[in-house]
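These notes concern the structure reproduced below.
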Amino acid sequence: MRVFPWGFWLLCVASAPARGDSGSKARSCAEVRQLYGAKGFSLSGVPQAEISGEHLRICPQGYTCCTSEMEENFANKSRSEFEAMMKEAGRSVQATLTAQHRSFDSYFQDLLNKSEKALYDAFPSMYGELYTQNMKVFKDLYSELRRYYRSSNINLEEALNEFWTRLLERLFKLLNPQYHITDEYLDCMVKHAEQHKPFGEVPRDLKVKATRAFIAARSYAQGFLVGSDVVKKVSQVSLSHECTRAIMKLMYCPHCRGMSSVRPCNNYCLNVVKGCLANQADLNTEWKYLMDSLIVVADRIDGPYNVDTVIGTIHMRIAEAISNLQENKDSITAKVFQGCGNPKISTKGSSSEDKKRRGKVTLEPKSSAQALEMLVLDAKGNLTALKTYWITLPGSLCSKKVMASSVSDDKCWNGMTKGSYLPEVMGDGLANQINNPEVEVDITKPDMTIRQQIMQLKIMTNRLGNANIGNDVDFQDTSDDMSGSGSGDSCPDDVCGKRLSKSPSTRQPETHAIPKQSGHGVHGASSRSLPSASLLLLLSVAVVAPQHLWR
């Protein structure tokens with residue numbers, strides 16, 4: 001009789017199809033049948049007991065309770081469930097950012113409304129015809145301020161200058177009814193207004209303070225909306241085919257193997273999810289810059305820019321300016337006559353309406369500093385908590401959704417059987433997935449939707465960086481002409497180092513192009529901007545040319 005070596009016998013045993021537990025009797029598939037039915041699938045064709053698994057394409061090919069159809073259905077189900085997990089996690093972040101925007105927007109709009117109402121309530125009794133005949137000028141000012149805050153493409157400094165010009169023209173005529181003042185005469189008067197300063201220092205002072213406050217408030221509010229929109233779009237990115245297989249293997253293959261009670265190994269789950277969300281993790285750097293930028297601008301709003309006081313006292317500053325004009329009417333009129341000549345005497349009778357109701361203007365500020373302080377404090381806490389969202393997402397999904405085992409568990413599902421998981425956990429981001437043992441990731445093909453959202457984060461961070469130093473930045477869709485000008489880095493100076501001047505700008509708002517496709521940088525906007533089209537063209541020529549030379 002021929003005796004087989006012990007090594008060969010052991011090899012045969014080791015290579016025999018493994019079961020969920022020891023024993024020759026086929027295990028019942030009751031647990032899998034119950035799960036399969038609960039997921040909404042028909043139990044027709046589902047095995048009652050384990051069968052041979054040579055037909056499986058994703059799960060290990062040992063004894064199994066899953067047919068090919070079941071494996072495919074579980075794969076599709078795992079994909080939809082994982083994408084639902086992503087959207088649910090994203091909705092939580094969206095809800096936080098949207099709530100912060102809603103709170104600040106409500107506060108800011110209320111502040112502006114109260115200032116406007118205070119003006120409408122007090123000015124009729126204070127100024128009579130000076131106000132009633134010029135109500136539209138005041139209404140137009142507040143309307144322009146709201147339009148700017150809501151991101152209309154208007155120049156705030158020009159809007160304020162236009163308000164003072166219109167107000168001066170109308171008040172000067174009302175204060176000098178005995179004269180026939182033509183439009184040409186008013187044009188001359190306006191040219192000398194900067195020299196005569198009929199409203200005192202109020203227009204210049206309010207322009208500087210209000211411009212900084214509105215720029216900061218508008219950019220701050222928009223920052224929350226951009227962040228929320230980025231999360232929404234990224235959460236809708238579909239899983240790759242390779243990721244779907246890996247998620248199926250993680251979530252449902254243990255059920256097919258008769259190990260329904262065995263939880264996935266923690267590090268195994270991390271490698272699967274990090275591989276699936278490799279592109280999403282690349283948002284981390286720009287996302288942190290955005291969160292940091294919002295925190296910095298929040299401090300500006302509640303600090304140096306004093307948004308609460310500036311916006312809540314607009315009506316008081318206007319009243320101060322009008323009082324200055326009234327009190328210095330004679331000297332200002334004399335200066336105007338000296339520079340523009342004496343106007344003709346009017347044939348209409350003069351009115352004394354402007355002489356009524358003069359005196360010191362006393363108005364109450366419509367501010368609520370404590371409310372703003374609480375808003376900023378709450379926002380900073382939430383923004384700080386969201387900084388690491390994209391790189392902590394895999395761990396959060398594994399622990400809270402996939403219900404992976406503890407790190408020290410050595411009797412968990414490792415993708416093949418119940419045991420320990422030995423491979424190391426991969427780093428975050430696309431480049432670190434080159435050796436991911438669980439998900440095949442092509443690191444040369446980044447997801448373009450996510451790259452576009454990275455660009456949106458860069459643009460918004462740049463805008464906040466400019467708002468931080470009092471500079472306005474408007475964005476327009478100029479995808480056909482990518483030559484938009486810009487300044488500043490992708491993160492504010494308080495975050496990336498003090499490199500920019502702190503004096504507020506009185507220049508025209510800078511215009512930045514918003515690219516529709518990833519791969520096009522904003523010239524001058526960031527040192528981390530993507531290569532230009534011309535550079536990419538030169539590189540492609542340099543690569544292709546040698547190939548032709550060798551043929």
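Based on this model, can you work out whether Asp409 counts as in a strand (DSSP E or B) and at pLDDT below 90? No, not satisfied.
Checking each residue in region 124-157 for being under 18 Å from Gly312 (Cα atoms) and of a type in the set (S, T, N, Q) picks out only Ser143. Restricting region 104-123 to residues that are over 36 Å from the mean Cα position of the chain (by Cα) and open to solvent by 50 Å² or more (accessible area, probe 1.4 Å), the residue that is farthest from Arg146 (Cα to Cα) is Asp121.
In region 72-108, which residues are among the aromatic types (Phe, Trp, Tyr) and farther than 20 Å from Leu383 by Cα?
Answer for region 72-108, where residues must be among the aromatic types (Phe, Trp, Tyr) and farther than 20 Å from Leu383 by Cα: Phe74, Phe82.
Being of a type outside the set (Lys, Arg) and open to solvent by 10 Å² or more (accessible area, probe 1.4 Å) is the filter here, so list the residues in region 212-225 that pass it. Matches in region 212-225: Gln222, Leu225.
When the residues of region 124-138 are filtered to those that are in contact (Cβ under 8 Å) with a residue 60 or more places away in the chain and part of a helix (DSSP H, G or I), which remaining residue is most open to solvent (accessible area, probe 1.4 Å)?
Ser125
Checking the condition under 30 Å from the mean Cα position of the chain (by Cα), at pLDDT 95 or above and open to solvent by 50 Å² or more (accessible area, probe 1.4 Å), which residue from Met455, Met460, Met448 passes? Answer to the check: Met448. Restricting the first member to region 85-110 and to residues that are farther than 15 Å from Gln222 by Cα and among the β-branched types (Val, Ile, Thr), and the second to residues that are modelled with pLDDT under 95 and part of a helix (DSSP H, G or I), the beta-carbon pairs closer than 9 Å and six or more apart or on different chains are Val93/Ser235. With the condition kept exactly as written, say whether any residue in region 244-258 is surrounded by fewer than 24 Cβ atoms within 10 Å (Cβ to Cβ), among the charged types (D, E, K, R) and touching a Lys or Arg at 6+ places or on another chain (Cβ under 9 Å). Yes: one or more hits. Looking across region 285-323, the residues that are part of a helix (DSSP H, G or I), of a type outside the set (D, E, K, R), more than 26 Å from Tyr131 (Cα to Cα) and open to solvent by 30 Å² or more (accessible area, probe 1.4 Å) come down to Thr285, Tyr289. Residues that are in contact with a strand residue (DSSP E or B) (Cβ under 9 Å, 6 or more places away or on another chain) and either surrounded by fewer than 14 Cβ atoms within 10 Å (Cβ to Cβ) or modelled with pLDDT of 95 or more (or both) occur at least once in region 71-91.
For Gly45, the criteria (1) open to solvent by 40 Å² or more (accessible area, probe 1.4 Å); (2) at pLDDT 95 or above hold in every case but one, which is (2).
Filter region 394-406 down to the residues that are open to solvent by 60 Å² or more (accessible area, probe 1.4 Å) and either touching an Asp or Glu at 6+ places or on another chain (Cβ under 6 Å) or assigned to a loop (DSSP other than H, G, I, E, B) (or both) and list them by number. Across region 394-406, the qualifying residues are Lys401, Met403, Ser406.
When region 260-305 is filtered for residues that are farther than 30 Å from Val376 by Cβ and small (Gly, Ala, Ser), the ones remaining, listed by number, are Ser260, Ser261, Gly275, Ala278. Selection of region 48-75 for residues being assigned to a helix (DSSP H, G or I) and in contact (Cβ under 8 Å) with a residue 60 or more places away in the chain yields Met70, Glu71, Phe74, Ala75.
The values are calculated or read from the model by the stated rules, or taken from the named source; none is laboratory data. Every value quoted in this text rests on a predicted model; they were computed, and no experiment measured them. Note that we place each Cβ from the backbone using ideal geometry, even for glycine, and neighbour counts take in every protein chain shown. Keep in mind that these areas ignore ligands, DNA and RNA; they rest on the heavy atoms of the full protein, side chains included. Shrake-Rupley method; radii C 1.70, N 1.55, O 1.52, S 1.80 Å.
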